[in-house]
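Working notes, beginning with the structure itself.
The values are calculated or read from the model by the stated rules, or taken from the named source; none is laboratory data. As the structure is a computational prediction, the values presented were derived from the model and not from experiment. Note that each Cβ is placed from the backbone with ideal geometry, even for glycine, and that neighbours are counted across all protein chains shown. Ligands, DNA and RNA are stripped out before the accessible areas are found, and what is left, the full protein with its side chains, is counted by its heavy atoms. Shrake-Rupley method; radii C 1.70, N 1.55, O 1.52, S 1.80 Å.
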Amino acid sequence: MKVWARAGTLLALWGVLAQAQDGAAAELLGRGRAAMGGAALEQIGTYLEDYSLVGSVAGVRLGEIRIRVYIDFKGKRRRWEFVQGDKVTNVAQITPQGGYTWSEKEGTKPLGEGREPTFSYTTPFKAGLMALLAASRGEGRLEARPNGELFGLRGSLVTVREGDTSYSFLLGPDGTLLADRVNSKDERNNTLDAGIVYSEYRVVKGVRVPVAGSIRGSTVPPLVSAQFRVNRVEINPVFDGSEFKLP
């Protein structure tokens, strides 16, 4: 009986600690939400972002990855397009009708079983502002470290976990999103470990959007310098449905 009583006490204590951790994380996310736009950020229903990732070694440019992202919170739709010039080469999207990928080589394929986490408003290689917004709205399991570290920077660290995937946000004293990180595994058990340290912000319709920074993480090859820059961003654009049609 004593063993079971102790086990019950430990479980109760664990529940209290988890609630305290969630409360601290929610408070930190609230501070981040306020710093990155407050009411304007909270009122985002749709979002479009076109950004580039550029790699170089010793100043020699290796190439560019361009990604276009569509997010519809109310419609629970999100889409990621890899673009070369004006041509879409790869697509991944999740809608209430299901999740799919598309490429010129392989055509349309359904996402594998278990490939859609509840918290999935991230974009390739970064969690970003929309993932922070989704987390602050209560999606995912939260953890908090008021004195945390990410990519050598100190601040308040909030981590959201969904299965094998985690999303981390480093916030400054005023709540500014300083850096973020995505760590996940694909269906082949390959690890994606990448994030961005932000260096520039632009205010768009009252929302403070991170628009430039450096890419970090083990996914970035040694000796490679990789930069992130937003080419275009739209807050609350009108989607007519064509944005989510597969090629």
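Averaging the sequence gap over all C-alpha pairs within less than 8 Å and six or more residues apart, then dividing by the number of residues, gives the chain a relative contact order of 21 percent. Once the Cα atoms are used to define both axes, helix 2-35 deviates from the longest principal axis of the chain by about 40 degrees.
Considering only protein heavy atoms and a 1.4 Å probe, what is the carbon-and-sulfur percentage of the accessible area of the chain? Summing carbon and sulfur atoms, their accessible area is 53 percent of the total for the chain. For the stretch 230-243, the Karplus equation 6.51 cos²θ - 1.76 cosθ + 1.60, evaluated at θ = phi - 60°, returns couplings of 7, 8, 7, 9, 10, 9, 6, x, 8, 9, 9, x, 5, 5 Hz by residue, with Gly and Pro reported as x. For Ser52, the solvent-accessible surface with a 1.4 Å probe is about 10 Å², rounded to the nearest 10.
Per residue, the chain reaches -6500 deg cm²/dmol at 222 nm when only DSSP H runs of four or more residues are counted, each adding -39500 (n - 2.57). Spatially, the stretch 59-100 and the stretch 126-171 are offset by 22 Å when compared through their Cα centroids. Classification of the stretch 137-247 by its C-alpha gyration tensor yields a rounded form. The axis ratio a/c (a ≥ b ≥ c) stays under 1.5. Label separation (Lys76 vs Glu64): 3.7 nm, computed from points 7 Å beyond Cα along the C-beta direction. Taking 0.36 nm per residue of separation and subtracting the Cα-Cα distance, full extension of the segment from Glu104 to Leu223 would add 39.7 nm.
Here's the picture: charge each Lys and Arg Cβ at +1 and each Asp and Glu Cβ at -1 in the chain, and of Ile71, Gly138, Leu192 the one pushed furthest to the positive end of that dipole is Gly138. Loop-resident trypsin sites (Lys or Arg not before Pro) (DSSP state other than H, G, I, E or B) in the stretch 118-219 with no more than 12 further Cβ atoms inside 10 Å of their Cβ: Arg188.
Amide H to amide H, with H built 1.01 Å from N, Val209 comes under 5 Å of Arg202, Val203, Val204, counting only residues 5 or more places away or on other chains.
When GluC sites (Glu not before Pro) are flagged only if DSSP places them in a loop and at most 14 other Cβ atoms lie within 10 Å, the longest unflagged stretch of the chain comes out as 1-103. Volume per residue for the chain equals 161 cubic angstrom (convex hull of Cα atoms). The phi-based Karplus calculation (6.51 cos²θ - 1.76 cosθ + 1.60; θ = phi - 60°) puts the 3J(HN,Hα) values of the stretch 142-151 at 9, 9, 9, 9, x, 10, x, 8, 8, 6 Hz, whole numbers, x for Gly and Pro.
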